[in-house]
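What follows is a single structure, written as structure tokens, with notes after it.
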């Protein structure tokens, strides 16, 4: 199980006595991808030894969860059958936080993938950029990231939308008693505003008028 809430761990243990918290695999690691591959190997090894095995994650298991992707690949190599069950993702909760129906059109990108690929989003269509906290950073995020890492994102978007285009940095709560937060800034201010990137927010860029 990979979840930061001890209450969730305790709740799961009420239904399954053998629950392993995989979060300690991050300890002492510097590259996130190495941790994801260790998780997938741990899951497959456990399934080969004593199936079935379940992997619980925060949000949807196939929405920006590399450990799930690697597990599917590795399980297939070992002839294991895997079922993925749908769950509520941050995309779903953002619908409620922003109160916008994206069914009419929206662009979704992982921020690092967008920048490395050199893609140009369509400024006439609303844009969601996930994983701001890890922009162009392969390291395990264990402290507040430097907001200057968002400079390449500003350089990409400003010519398309304008430096003064208003954007919203959204932290979507995953807990009933915790409120979501939305910080609105000009696009040019992303690298200087107090955005609390350690909370792993998402960037919403409204379509250009």
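The values are calculated or read from the model by the stated rules, or taken from the named source; none is laboratory data. From a predicted model like this one, the values you see are computed outputs, not experimental measurements. FYI the Cβ positions are ideal-geometry reconstructions off the backbone, even for glycines, and counts take in every protein chain you see.
Can you tell me which residues in segment 54-75 are over 14 Å from the mean Cα position of the chain (by Cα) and surrounded by fewer than 18 Cβ atoms within 10 Å (Cβ to Cβ)?
Scanning segment 54-75 gives 54, 56, 72, 73.
Scanning segment 97-130 for residues that are touching a residue at least 12 places away in the same chain (Cβ under 8 Å) and farther than 21 Å from residue 160 by Cα yields 97, 98, 100. Taken as a whole, the condition of being within 17 Å of residue 114 (Cα to Cα) and touching a strand residue (DSSP E or B) at 6+ places or on another chain (Cβ under 8 Å) does not apply to residue 195.
Annotation note: of 23, 47, the sole residue that is in contact with a helix residue (DSSP H, G or I) (Cβ under 9 Å, 6 or more places away or on another chain) and not assigned by TED's automatic domain parsing to the domain that holds residue 143 is 47. Checked against (1) out of contact with any helix residue (DSSP H, G or I) (no Cβ under 9 Å at 6 or more places or on another chain); (2) in contact (Cβ under 8 Å) with a residue 24 or more places away in the chain; (3) under 30 Å from residue 49 (Cβ atoms), residue 79 passes all but a single condition, namely (2).
Only residues that are closer than 20 Å to residue 107 by Cβ and either surrounded by 15 or more Cβ atoms within 10 Å (Cβ to Cβ) or in contact (Cβ under 8 Å) with a residue 40 or more places away in the chain (or both) were counted across segment 192-209, and they come to 9.
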